[in-house]
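Everything below concerns the one structure shown next.
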Amino acid sequence: MKTLLEEFGRPAWEFAWTYTGRSDAASSCLAEAFKRLGSARLPAAQPERRRAFWKILLAACRQQTSLSASASARGPESGDPRLAALLDLSLEFREALLLLRYHDASAQDLAEVLGCTPVEALGKAQRGLSRIALARAMPAP
């Protein structure tokens, strides 16, 4: 069996970096997640193993975001307008979109990680995409 780092390392880093917009905050997210994973007993079978990992990573990112209001006030490291659009979304929409992108989640996976029904989870992702599209179509004056 692959180690957690081999199995989830790159998508976990990309998720944390995109979630926070900063490499220092993403590193803190990953450190906290892997600390929690060290004491967690992840299921051996998929998809439960994958879902458990992403739940722990999401919780660590949420904690880091709430702790580092000053880091988010500095803004993202990248000037990429796509990242800025994601960071402008509320966390519920951002989480759904990022989980779809980096977790490659099915509707059921997404629902399990976010703690809602599959319809609600996909609705959050759709509303997030709609808000990004609307913001791009109607830029601020």
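The values are calculated or read from the model by the stated rules, or taken from the named source; none is laboratory data. Note that the structure is a prediction, hence the values are computed from the model and not measured. Heads up, the Cβs are rebuilt from the backbone with ideal geometry, glycines too, and the neighbour counts pull from every protein chain shown. Just so you know, the surface numbers come from the protein's heavy atoms only, side chains and all, with ligands and any DNA or RNA stripped out. Shrake-Rupley method; radii C 1.70, N 1.55, O 1.52, S 1.80 Å.
Details
- For segment 43-53, the tally of residues that are assigned to a helix (DSSP H, G or I) and either touching a Phe, Trp or Tyr at 6+ places or on another chain (Cβ under 6 Å) or of a type in the set (A, V, I, L, M, F, W, C) (or both) stands at 2.
- Selection count where residues are crowded, with 17+ Cβ neighbours inside 10 Å and part of a loop (DSSP other than H, G, I, E, B), scope segment 1-18: 0
- Residue within segment 54-67 that is more than 19 Å from Leu114 (Cα to Cα), open to solvent by 30 Å² or more (accessible area, probe 1.4 Å) and in a helix (DSSP H, G or I) present: yes
- For segment 19-49, the candidate set comprises residues that are in contact (Cβ under 8 Å) with a residue 12 or more places away in the chain and in contact with a Pro (Cβ under 9 Å, 6 or more places away or on another chain); within that set, the residue that is least open to solvent (accessible area, probe 1.4 Å) is Gly21.
- Verdict on Arg101 being part of a helix (DSSP H, G or I) and surrounded by fewer than 20 Cβ atoms within 10 Å (Cβ to Cβ): yes
- Considered as a group, the residues in segment 85-98 that are farther than 19 Å from Val119 by Cα and touching a residue at least 60 places away in the same chain (Cβ under 8 Å) include one that is surrounded by the most Cβ atoms within 10 Å (Cβ to Cβ), and that residue is Leu86.
- Filtering Phe53, Phe15 for residues that are over 27 Å from Ala135 (Cβ atoms), among the aromatic types (Phe, Trp, Tyr) and within 15 Å of the chain's Cα centre (by Cα) leaves a single hit, Phe53.
- Hits in segment 32-55 (condition: closer than 25 Å to Ala107 by Cα and hydrophobic (A, V, I, L, M, F, W, C)): Ala33, Leu37, Ala40, Leu42, Ala44, Ala45, Ala52, Phe53, Trp54
- Annotation: of all residues in segment 116-141 being part of a loop (DSSP other than H, G, I, E, B) and modelled with pLDDT of 95 or more, the one that is most open to solvent (accessible area, probe 1.4 Å) is Thr117.
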